[in-house]
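Read through the structure below, which is laid out as structure tokens, and then see the notes.
The values are calculated or read from the model by the stated rules, or taken from the named source; none is laboratory data. What you see is a predicted model; the values in this text were computed from it and never measured. Here the Cβ is made from the backbone with ideal geometry for all residues, glycine too, and neighbour counts use every protein chain on show. Just the protein is used for accessible areas: all its heavy atoms, side chains included, with ligands, DNA and RNA removed. Shrake-Rupley method; radii C 1.70, N 1.55, O 1.52, S 1.80 Å.
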Amino acid sequence: MLAITVLGSGIAAVDATVVNIALPTIGRDFHTGVAALQWVANGYTLTLAGFLLIGGSLGDRFGRRRVYLIGVVWFALASVACGLAPSAVLLVAARILQGFGAALLTPGSLAILEASFVPDDRARAIGAWSGLGGLAIAAGPVLGGYLITAASWRWIFFINVPIAAAVVVLGARHVPESRDASVTGRLDYGGAVAAAVFLSGLTYAFIEAPTLGWLSPAVLMATLLAIGGLTALLVLERREAAPMLPLSIFRERQFTATNAVTFIVYAALTGATFLLPLVLQVVSGYSPLGSGLALLPLTAIMLTLSARSGRVATRIGPRLQLSIGPVVVGAGVAALAFTTAGSTYVIYTLPAIVILGLGLAITVAPLTATAMSSAPTQHSGIASAINNDVARVGGLLAVAVLPTLAGITGKAYLDPETLAAGFTTAVLISGGLCVAAGLLAAATITNPGPARRPAGAPAPEYRHCGLEAPPLTTGVSQAVTQGPR
């Protein structure tokens, strides 16, 4: 059961990280500009974010094993299409299809464990799943860098096929079917389509505007589609009896504030780490494998300290960590500017990676745990999905906007001097955003009062896993966090 759930959700999580390592090679092979590379990254995130909520609903309604395995097969077929893509346009199309498959399988992994293990074994199962998933994510950039160096970037997609085949064979035999018998009414297809239209239009407008101009017909049409999609989403979710996105959940001030901080932190982080592999390879002369190995200390720090950070937050409350943590993250992101000064890893890159890892270890576990605990109990599932989507959408928009703000357009990423100057601007912007997120948390996040749990009552458990939670493009996995409120 653990192998099936870790491997299935792991390939979806790894594909969101390992592609960044391959972007310079893909750009050179297809002779394309940075806009196409933005779409290679964002095409996947776009459909994953747009249909993640509906993917969870389908599993609850039609069977979690069935939808999970369908998602794995879909993901594998789309991976083959990615590996065979003869042009950048077809690669982006295949990445969009990959996102659909990931949206089907990602919510099912943890749901299968929750439904399949008896309560006494569930905590250990989820803990093992989190640790193994973290190791899988940590290995992703290294394996991807090796495949790119030894063979071709296409193998980072082909490697998904045998893993997916093993998941399907084992899953069909060993995973019991489960579904939510209380689910009634029709699925909120309208909400899912409206969300996808909004995100697609917004992303297209921001990516293409620097090249085509904001007043070009294509960009104007995309902007109007985004406005129409957002309007339709808000109207539909107010009227829907069983909405994909219940707007009432945002009346909880703590929940809204925590997700605002999540949006800013993950936008800043994703935008910077989208450009980091380009800088390491084009400016500092790293190989694809070397740029993957460069990020391993970040993962190691997160795996070592995240659980401890979560336990501290349960004792003292999340406000202090969520105020200080993003500031430390911002310092680490801004320190990445020194990466362009030389190729010596220990001097120019490692210190920034260590600071960034410490900041994320302080921030990530209490951030997601607070988002979960501040939502009404009956909305705990949707709260997790919303927090996932907020992080993904923040990253999606950052990848679309940050290169333009930094002056990295067209084929500028192939020129070391232009890329180095633009990257310095980008990480300073991202660092400033993280500091702003820390100030926002200090002003809005509150610690729970001592009366929230009666004396002598059993402490509720909080668990937070890196595969189920917002992903980091650097391959970071967040450890399980548990403890009393």
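When THR344 is evaluated against the numbered criteria (1) open to solvent by 20 Å² or more (accessible area, probe 1.4 Å); (2) hydroxyl-bearing (Ser, Thr, Tyr); (3) in contact (Cβ under 8 Å) with a residue 24 or more places away in the chain, which criterion, by number, is the only one it fails?
It fails just one condition, (3).
Identify, from the list VAL34, VAL14, the residue that is buried (at least 24 other Cβ atoms within 10 Å of the Cβ), of a type in the set (Val, Ile, Thr) and either within 19 Å of ARG179 (Cβ to Cβ) or touching a Ser or Thr at 6+ places or on another chain (Cβ under 9 Å) (or both). First the steps, then the outcome.
Working: VAL14 fails: either within 19 Å of ARG179 (Cβ to Cβ) or touching a Ser or Thr at 6+ places or on another chain (Cβ under 9 Å) (or both).
Result: VAL34 is the single residue among VAL34, VAL14 that is buried (at least 24 other Cβ atoms within 10 Å of the Cβ), of a type in the set (Val, Ile, Thr) and either within 19 Å of ARG179 (Cβ to Cβ) or touching a Ser or Thr at 6+ places or on another chain (Cβ under 9 Å) (or both).
Being modelled with pLDDT under 85 and assigned to a loop (DSSP other than H, G, I, E, B) is the filter here, so list the residues in the stretch 278-320 that pass it.
LEU295
Of everything in the stretch 241-261, what is of a type in the set (A, V, I, L, M), out of contact with any Gly (no Cβ under 9 Å at 6 or more places or on another chain) and surrounded by fewer than 20 Cβ atoms within 10 Å (Cβ to Cβ)? Give them in sequence order. Please lay out each step first, then the result.
As a first pass, look at the stretch 241-261 and keep what is of a type in the set (A, V, I, L, M): 241-242, 244-245, 247, 249, 257, 260-261.
In the following step, the residues that additionally are out of contact with any Gly (no Cβ under 9 Å at 6 or more places or on another chain) were identified as 247, 249, 257, 260.
Within the stretch 241-261, LEU247, ILE249, ALA260 qualify.
Quick one: ALA421 ticks every box in (1) modelled with pLDDT of 90 or more; (2) closer than 25 Å to LEU360 by Cα; (3) open to solvent by 40 Å² or more (accessible area, probe 1.4 Å) bar one, so which box is it?
Checking ALA421 against (1) modelled with pLDDT of 90 or more; (2) closer than 25 Å to LEU360 by Cα; (3) open to solvent by 40 Å² or more (accessible area, probe 1.4 Å), the one that fails is (2).
Hey, can you tell me all the residues within the stretch 235-265 that are at pLDDT below 90, of a type outside the set (D, E, K, R), in contact with a Leu (Cβ under 8 Å, 6 or more places away or on another chain) and part of a helix (DSSP H, G or I)?
Within the stretch 235-265, LEU247 is the sole residue that qualifies.
From the list ALA205, ALA222, ALA257, ALA209, pick out the single residue that is of a type outside the set (Ser, Thr, Tyr) and more than 30 Å from VAL329 (Cβ to Cβ).
On the way: ALA205 fails: more than 30 Å from VAL329 (Cβ to Cβ); ALA257 fails: more than 30 Å from VAL329 (Cβ to Cβ); ALA209 fails: more than 30 Å from VAL329 (Cβ to Cβ).
Exactly one residue qualifies, and that residue is ALA222.
Is one or more of the residues making up the stretch 428-448 over 30 Å from LEU2 (Cβ atoms), modelled with pLDDT under 85 and assigned to a helix (DSSP H, G or I)? Explain how you work it out, then say what you get.
Here is the first cut: in the stretch 428-448, the ones over 30 Å from LEU2 (Cβ atoms) are 428-448.
Then drop every residue that is not modelled with pLDDT under 85, which leaves 448.
Keeping just the survivors that are assigned to a helix (DSSP H, G or I) gives none.
No, the stretch 428-448 contains no residue that is over 30 Å from LEU2 (Cβ atoms), modelled with pLDDT under 85 and assigned to a helix (DSSP H, G or I).
Yes/no per residue for (1) open to solvent by less than 50 Å² (accessible area, probe 1.4 Å); (2) assigned to a helix (DSSP H, G or I); (3) within 30 Å of TYR68 (Cβ to Cβ):
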position	(1), (2), (3)
TRP153	yes, no, yes
ILE156	yes, yes, yes
ALA164	yes, yes, yes
VAL167	yes, yes, yes
ARG173	no, yes, yes
LEU187	yes, no, yes
GLY190	yes, yes, yes
ILE207	yes, yes, no
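Within the stretch 251-277, which residues are within 17 Å of GLY359 (Cα to Cα), of a type outside the set (A, V, I, L, M) and in contact with a helix residue (DSSP H, G or I) (Cβ under 6 Å, 6 or more places away or on another chain)?
Taking the stretch 251-277 and keeping what is within 17 Å of GLY359 (Cα to Cα), we get 258, 261-273.
Next, only the ones that are of a type outside the set (A, V, I, L, M) stay: 258, 262-263, 266, 270-271, 273.
Scanning the stretch 251-277 gives THR258, THR262, PHE263, TYR266, THR270, GLY271.
Of the residues GLY134, GLY140, GLY101, only one is modelled with pLDDT of 80 or more, touching a Gly at 6+ places or on another chain (Cβ under 6 Å) and either surrounded by 24 or more Cβ atoms within 10 Å (Cβ to Cβ) or in a helix (DSSP H, G or I) (or both); which? So that I can check it myself, show each step before the final result.
Numbers: GLY134 fails: modelled with pLDDT of 80 or more; GLY140 fails: modelled with pLDDT of 80 or more.
After applying the criteria, what remains is GLY101.
Under 8 Å between Cβ atoms, which residue pairs at least 6 apart in sequence (or on different chains) link something in the stretch 205-226 that is on the phi > 0 side of the Ramachandran plot with a partner that is in a helix (DSSP H, G or I) and not charged (D, E, K, R)?
These pairs meet every condition: GLY213/VAL219.
Has the stretch 322-335 got at least one residue that is under 30 Å from GLY33 (Cβ atoms) and open to solvent by 10 Å² or more (accessible area, probe 1.4 Å)?
Our first condition is that a residue be under 30 Å from GLY33 (Cβ atoms); within the stretch 322-335, this holds for 329-330, 332-335.
Then drop every residue that is not open to solvent by 10 Å² or more (accessible area, probe 1.4 Å), which leaves 334-335.
Checked the stretch 322-335: at least one residue is under 30 Å from GLY33 (Cβ atoms) and open to solvent by 10 Å² or more (accessible area, probe 1.4 Å).
Would a scan of the stretch 74-93 turn up a residue that is under 25 Å from VAL390 (Cα atoms), open to solvent by 40 Å² or more (accessible area, probe 1.4 Å) and more than 17 Å from the chain's Cα centre (by Cα)?
yes
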